[in-house]
Amino acid sequence: MIMITLSTYNLFLAVMAITALFVFVALHFVKAGYGYLYNPKFGFPVPNKVAWVLMEAPVFIAMWVLWYLSGMTTELAPLVLFSIIQIHYFQRSFIFPLLLRGNSKMPVSIMLMGATFNTLNACMQGGWLFYIVPTYFPDYYADWFSKPYIYIGVAVWLFGFITNLHSDYIIRHLRKPGDKKHYIPYGGMFRYVSSANYFGEFMEWVGYAIASWSVAGVVFAWWTFANLAPRAGDLRKRYEEEFGEEFKKLNRKRIIPFLY
């Protein structure tokens, strides 16, 4: 069984939360150059399908390893929380890349940074669920399914997951094969925000934070917002530049409906 002290783990959480703050600030000055905002200055290009697998799969694999080695494979409460993470990352690692259209590229530096965060996040979430809780908080999972936050959190996560999938579907079907033009996405949560897929992903991890009732979950949700909110702002600016009043009159927020 992997051993980690509570003080070391808390320091890890603090470093991750502070790093997310620096990322949030930095991304207001540096556009992450992939997707619609692709920029070759971030390194040599990797085919999008390959890049997404290599970037997202580490968390899926690492979580399986941490779960298997923990001796908690028969515990229902952590298994539910573990499943929430794994459903998302199975889809993102192995299904989402197969659905991608076209021959888009991702800079290698973006891919490597994503893979690094995902590995660290697996340690953060898996460390809490399977090692810190049973060692230092043995009653944490007692009567877990009598607590309201597990049901509220799963409901929020499910809403975010469905929103994410639906928004990705809309984006994938904006263009016909061979068409390289850009289009404004409509429908679903795109009625309210310009980056509905990011809103869905953020809501997933807000839901997970509620369901897990943990600081680790909050740090994950904070990281998601810190990474995606500035990019959502950059994407909205790009839409405004490319489509002008056609887009501006839609009056969409960046990532959180009616607020931001």
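Can you compute the equivalent ellipsoid semi-axes for the chain, i.e. the square root of 5 times each eigenvalue of the Cα gyration tensor, sorted largest first and rounded to whole Å?
Rounded to whole Å, the semi-axes are 33, 20, 17.
Sorting check: for 188-195, 250-257, which peptide has the highest mean count of neighbouring beta carbons within 10 Å, and how do the rest follow?
Highest mean packing first, the order is 188-195, 250-257.
How much length is gained on full extension from THR135 to LEU79, taking 0.36 nm per residue of separation minus their Cα-Cα distance?
Here the answer is 18.5 nm.
Per 5 Å bin from zero, what fraction in whole % of the C-alpha pairs of segment 111-244 is there, up to the bin with the longest pair?
Bin by bin from 0 Å, the calculated values are 2, 10, 14, 18, 17, 14, 10, 7, 4, 2, 2, 0.
With unit charges on the beta carbons (Lys and Arg positive, Asp and Glu negative) and the dipole taken about the Cα centre of the chain, which residue among TYR208, THR5, ASN251 sits farthest to the positive side?
Of TYR208, THR5, ASN251, it is ASN251.
As a footprinting exposure proxy, order GLU245, GLU240, GLU75 by other Cβ within 10 Å, with the fewest listed first.
Arranged by neighbour count, lowest to highest, GLU245, GLU240, GLU75 become GLU245, GLU240, GLU75.
For segment 10-248, what relative contact order do you get, as a whole percent, if you take Cα pairs closer than 8 Å and at least 6 residues apart?
25
Please state the charge dipole magnitude for the chain, taken about the Cα centre, from unit charges on C-beta atoms (+1 on K and R, -1 on D and E), reported in debye and rounded to the nearest 20.
For this selection, approximately 1120 debye.
Rank the residues ILE132, ILE18, ILE184 as a footprinting-exposure proxy: fewest other Cβ atoms within 10 Å of their Cβ go first.
ILE18, ILE184, ILE132
Give the aspartates and glutamates reachable from LYS181 as a straight Cα distance under 19 Å; neighbours fewer than 8 places away on the same chain don't count.
In chain and number order, the partners are ASP168, ASP234, GLU240, GLU241, GLU242, GLU245, GLU246.
Who wins for biggest fluctuation among VAL46, VAL219, VAL206 in a Gaussian network model of the chain, springs between alpha carbons below 10 Å?
Looking only at VAL46, VAL219, VAL206, the biggest GNM fluctuation is shown by VAL46.
What do you get for Rg/Rh of segment 70-122 when both radii come from the Cα atoms and Rh is the Kirkwood radius?
In segment 70-122, Rg relative to Rh is 1.10.
Since every read-out is calculated from the coordinates, none of them should be taken as a lab result. As the structure is a computational prediction, the values presented were derived from the model and not from experiment. Using ideal geometry, Cβ is built from the backbone for each residue, glycine included, and neighbour counts are taken over all protein chains shown.
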